[in-house]
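Have a look at the structure below, then the notes.
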Amino acid sequence: MNQSECLELLMKTDRESVRRLFQSADTVRKKYVGDAVYLRALVEISNECRRDCRYCGIRASNRKISRYRMTGREIFRSAQQARDLGLQTVVLQSGEDPDLDISRTAQLISRIKTELSMAITLSFGERSKKELALFKQAGADRYLLRFETSNPGLFQRIHEGSLSQRLKRLEWLKELGYEIGSGIMVGIPGQTFSDVAAAISLFKQLSIDMIGIGPYIPHPSTPLGSRFHPTGIKENQVPNTTEMTLKTLALTRLTCLNVNIPSTTALESLAPESGFEDGLFCGANVIMPNFTPLDYRKNYEIYPAKACLQQTPSQLIARLTTYLSQHSRHIGTGRGDSPHFLTQQK
Ligand code: 5AD
């Protein structure tokens, strides 16, 4: 699938074309990554952030949320809870926390690794090369850093840094031997269909191993979410809908073939009780149940009405297990590394 074919399919809205697109993505998913759905335990370890991304609810200037940073013991306990339920990957995520204690975090990584034998994914934003190297050495396996949009102008309008800085970090992560994840939001004000098609090509070009795609959800306490944007009504504006997100996900599967693709919480937030399943049948093969302790979870409000704020991970896992068994699929066992990553290692 090349960029112009992608663009053409992104713009199709008739039921039959969309149905066929979803169906092909599902077939390609089955062929390249199989029927297993891998679970990742998401632990949102801190909502402190030095950045001021214009769309994000935990941006530094949002004074309306209460800030937290989990202790090492709390983080370990959450990972252990996930391990007890059979999950073999923990994803530690935070804002770009300026006071993240690097050596204690490295110690925690190696403790989780040795005592719980879990794969460890980090998602701490743009960190220095030295820090990233230290975390890798401590035992981290994977790193998630979405580029959000591949359009440099749009990137700069919604962030403080630049797209090239962001892409540089992805390059470092690859050099350091991480399995790398990236992704975009769909429906950012000012984002065009060509932007989305270009982002999908960039996933391929950068040889990304894991690709997270979610709808942009306006947050009222952010500049981008709080007022009407003239850019939002351009003819070429990509809608931030479930269908548009699923089409992007499907085309990503058709383009990148053997990568891991989560069905995201943002998708579930737009379509509660069915969003995860929708993604799983349009090309996705990973789900990230939330293991953040409930008292903290509500404060990790990157966008409003985030799904799974009350639900225990076991409830979600039970729902998925039932659903998957009715569709000849199952929860994966093992680490579930990205087949794309494994092939590149050979
Ligand atoms: N809507 C949807 N997704 C968001 N993220 C941050 N803010 C929003 C929002 N308002 C996503 C970004 C980030 C990920 C952790 O959450 O894509 O990479």
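When I75 is tested against (1) under 20 Å from I217 (Cβ atoms); (2) buried (at least 17 other Cβ atoms within 10 Å of the Cβ), exactly one condition is not met: (1). Quick check, is S61 over 14 Å from D97 (Cβ atoms) and surrounded by 21 or more Cβ atoms within 10 Å (Cβ to Cβ)? Judged against the criteria, S61 is not a match. Which of the residues belonging to region 81-107 are part of a strand (DSSP E or B) and of a type outside the set (A, V, I, L, M)? Correct list: T89, Q93, S94. From the list R67, R50, the lone residue that is more than 16 Å from the ligand (Cβ to nearest atom), within 20 Å of N299 (Cβ to Cβ) and in a loop (DSSP other than H, G, I, E, B) is R67. Summed over region 26-38, the residues that are surrounded by fewer than 23 Cβ atoms within 10 Å (Cβ to Cβ) and either more than 19 Å from T333 (Cβ to Cβ) or touching a residue at least 60 places away in the same chain (Cβ under 8 Å) (or both) give a count of 8. Scanning region 130-147 turns up at least one residue that is free of Cβ contacts under 8 Å to residues at least 24 places away in the same chain and either within 16 Å of the ligand (Cβ to nearest atom) or not small (G, A, S) (or both). Listed conditions (1) of a type in the set (S, T, N, Q); (2) in contact with a helix residue (DSSP H, G or I) (Cβ under 6 Å, 6 or more places away or on another chain); (3) buried (at least 19 other Cβ atoms within 10 Å of the Cβ) are all met by S94, apart from (2).
Among the conditions (1) in contact with a strand residue (DSSP E or B) (Cβ under 6 Å, 6 or more places away or on another chain); (2) within 26 Å of K31 (Cα to Cα), A250 misses just one, which is (1).
Out of all the residues in region 111-150, which are among the charged types (D, E, K, R), within 26 Å of A198 (Cα to Cα) and surrounded by fewer than 22 Cβ atoms within 10 Å (Cβ to Cβ)?
E126, R127, R146
The criterion of at least 3 residues that are surrounded by fewer than 21 Cβ atoms within 10 Å (Cβ to Cβ) and polar (S, T, N, Q) is met by the following helices (runs of 4 or more DSSP H) wholly inside region 251-340: 313-325.
Taken over region 1-25, the criterion of being buried (at least 16 other Cβ atoms within 10 Å of the Cβ), in contact with a Leu (Cβ under 9 Å, 6 or more places away or on another chain) and modelled with pLDDT of 95 or more is satisfied by C6, L9, L10, V18, L21, F22, S24, A25. Checking region 64-71 against the condition returns a match, with at least one residue being out of contact with any helix residue (DSSP H, G or I) (no Cβ under 9 Å at 6 or more places or on another chain), of a type in the set (A, V, I, L, M) and surrounded by fewer than 21 Cβ atoms within 10 Å (Cβ to Cβ).
Which ones in region 53-64 are farther than 11 Å from G225 by Cα and either more than 13 Å from the ligand (Cβ to nearest atom) or under 18 Å from the mean Cα position of the chain (by Cα) (or both)?
Selection gives C53, I58, R59, A60, S61, R63, K64.
Taking region 119-142 as the range and being closer than 13 Å to L176 by Cα and either assigned to a helix (DSSP H, G or I) or β-branched (V, I, T) (or both) as the test, the residues that pass are K129, K130, E131, L132, A133, L134, F135, K136, Q137, A138.
The values are calculated or read from the model by the stated rules, or taken from the named source; none is laboratory data. The structure displayed is predicted, hence computed values, not measured ones. Counting neighbours? That spans all protein chains shown, and the Cβs are built from the backbone with ideal geometry, glycine included.
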